Amino acid sequence: MKKIKTALLSYGMSGKVFHAPFLDIHPGFELLGSWERSKKLIQEDYPYVKSYPSIDDLLADDVDLVIVNTPVGTHYEYAKKVLLAGKHAVVEKAFTTTVAEAEELAKIAHEKGLKLAVFQNRRWDSDFKTIQKIINEGVLGDIVEAEFHFDRYNPLLSPKAHKETANDGAGVLKDLGPHIIDQAICLFGSPKSVFGDVRITRENSLVDDWFDLLLIYDDFRVRLKAGFFVREANPAYTIHGKKGSFLKPRGDIQEDELKIGKKPNLESWGKEPDDLQGILHTEIDEKVIREKVPTLQGNYFSFFDGVFNSITNNVAEPVTAQDGVKVMQIIEAAIASSAQRTVINF
């Protein structure tokens, strides 16, 4: 098997937690190293890899795939440079800061015959996989409404300057928003129109930290919410159909496990505690049931396996650049809607 030689554009939290551990265990990838500007940390965890002093040095190496995991405001610039250098790319969310940037990156990748994937790892969260299974099985009947939350209680400003400085890539809409927007698109496709309310709620904050989006489809509605003042958690997912309902708390353990240094595997990884199972209340075969539903296993390894398969077998990426464009379309529509206090039609 020819390994895909892969490098990271940074080795902060995302490189250390979300990327390197999975690239390291996947037999189809060879982790070459990371661009490190000041702190030189990657060799502490992976002594056999390189620490590149610049992106140009990284791109001059024998690299097949580059992970663009830098601040959102730099995604377009760096991803474009990677693609023009003839390398495949994975770009973290938010894919870009505008729809135009996203479309241009997709166009460059297509013209050069390169793979360009968006790192939407939350499609492989245990809770979302379970929601997807419930909807696909049709046990709720025709969907009437759905509500997704990505809430936290954290009134303090982040110490990371790029997250709290007013810039095109900052704010919760482009941080947590892409997760649940992508999940909604994955389940239901693009909406007909969007109504958005985007606010600042934390003292001294310069960037948005609360949003409420209404995605309007022909026969149902999807509400997406995130904020930093939710001390008592709402269900992360609430789905109501004409036959019944499914409510599920956020329970995926992968990020927390990775942050404390646990290494992923293909057997026991990503299994939620039983007490976080969702409740299904519906009617099946003319019998009303109300029961807990076992949560499916989550594993971000599946994303990287999809990237490997897309490059080696020339098939679609696990999350395509066009998926990224659709997320950016909703984000742009939400910003315009909030400013104009009106519904934005696609």
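Would you please name the residue that is most open to solvent (accessible area, probe 1.4 Å), looking only at residues in segment 206-235 that are over 23 Å from Thr342 (Cβ atoms), out of contact with any helix residue (DSSP H, G or I) (no Cβ under 7 Å at 6 or more places or on another chain) and not charged (D, E, K, R)?
Selected residue: Phe229.
Write out, first by first residue and then by second, each pair whose Cβ atoms fall under 9 Å of each other, whose residues are 6+ apart or on separate chains, and whose first residue, in segment 78-100, is open to solvent by less than 40 Å² (accessible area, probe 1.4 Å) while the second is basic (Lys, Arg) and assigned to a loop (DSSP other than H, G, I, E, B).
His88/Lys115; Ala89/Lys115; Val90/Lys115
Would you mention how many residues in segment 262-281 are within 13 Å of Phe18 (Cα to Cα) and open to solvent by 50 Å² or more (accessible area, probe 1.4 Å)?
Of the residues in segment 262-281, 2 are within 13 Å of Phe18 (Cα to Cα) and open to solvent by 50 Å² or more (accessible area, probe 1.4 Å).
Would you please name the residue that is farthest from the chain's Cα centre (by Cα), looking only at residues in segment 135-171 that are at pLDDT below 95, part of a helix (DSSP H, G or I) and surrounded by fewer than 17 Cβ atoms within 10 Å (Cβ to Cβ)?
By that ranking, first place goes to Ala161.
Has segment 283-290 got at least one residue that is crowded, with 17+ Cβ neighbours inside 10 Å and not acidic (Asp, Glu)?
Within segment 283-290, not a single residue is crowded, with 17+ Cβ neighbours inside 10 Å and not acidic (Asp, Glu).
Taking into account only those residues within segment 335-346 that are part of a loop (DSSP other than H, G, I, E, B) and of a type outside the set (S, T, N, Q), which is most open to solvent (accessible area, probe 1.4 Å)?
The residue in question is Arg341.
Among the strands (runs of 3 or more DSSP E) confined wholly to segment 181-239, which include 3 or more residues that are within 20 Å of Gly278 (Cα to Cα)?
Per the criteria, 221-227.
Could we say that Gly298 is more than 28 Å from Arg199 (Cα to Cα), among the small types (Gly, Ala, Ser) and buried (at least 22 other Cβ atoms within 10 Å of the Cβ) here?
Here the answer is yes, as Gly298 does meet what is asked.
For residues that are outside any helix (DSSP H, G or I) and in contact with a helix residue (DSSP H, G or I) (Cβ under 6 Å, 6 or more places away or on another chain), scanning just segment 115-134, find the one that is surrounded by the most Cβ atoms within 10 Å (Cβ to Cβ). Lay out the reasoning, then the answer.
If we filter segment 115-134 for residues that are outside any helix (DSSP H, G or I), which is where we start, we get 115-120, 125.
Still in the list and also in contact with a helix residue (DSSP H, G or I) (Cβ under 6 Å, 6 or more places away or on another chain): 115-118, 120.
Working: Lys115: 23, Leu116: 26, Ala117: 27, Val118: 31, Gln120: 23.
Per the stated criteria, the residue is Val118.
Among the residues of segment 288-334, what is the count of those that are part of a helix (DSSP H, G or I) and either within 20 Å of the chain's Cα centre (by Cα) or touching a residue at least 40 places away in the same chain (Cβ under 8 Å) (or both)?
Counting residues in segment 288-334 that are part of a helix (DSSP H, G or I) and either within 20 Å of the chain's Cα centre (by Cα) or touching a residue at least 40 places away in the same chain (Cβ under 8 Å) (or both) gives 26.
Among residues belonging to segment 172-198 that are of a type outside the set (A, V, I, L, M, F, W, C) and open to solvent by 30 Å² or more (accessible area, probe 1.4 Å), point out the one that is nearest to His162 (Cα to Cα).
Applying the filter and picking the extreme gives Asp175.
Which residue pairs have Cβ atoms closer than 8 Å, lie 6 or more positions apart in sequence or on different chains, and pair a first residue in segment 161-189 that is at positive phi with a second residue that is at pLDDT below 90?
That search, which allows pairs on different chains as well, returns nothing.
Are any of the residues in segment 236-259 of a type in the set (Gly, Ala, Ser), within 15 Å of Ile131 (Cβ to Cβ), surrounded by 20 or more Cβ atoms within 10 Å (Cβ to Cβ) and over 21 Å from the mean Cα position of the chain (by Cα)?
Yes, there is a match, as at least one residue in segment 236-259 is of a type in the set (Gly, Ala, Ser), within 15 Å of Ile131 (Cβ to Cβ), surrounded by 20 or more Cβ atoms within 10 Å (Cβ to Cβ) and over 21 Å from the mean Cα position of the chain (by Cα).
The values are calculated or read from the model by the stated rules, or taken from the named source; none is laboratory data. These numbers were taken from a predicted model, which means no experiment stands behind them. Reconstructed Cβ throughout: ideal geometry from the backbone, glycine too, with neighbour counts over all protein chains shown. Protein only, heavy atoms only, side chains kept; ligands, DNA and RNA dropped before computing areas. Shrake-Rupley method; radii C 1.70, N 1.55, O 1.52, S 1.80 Å.
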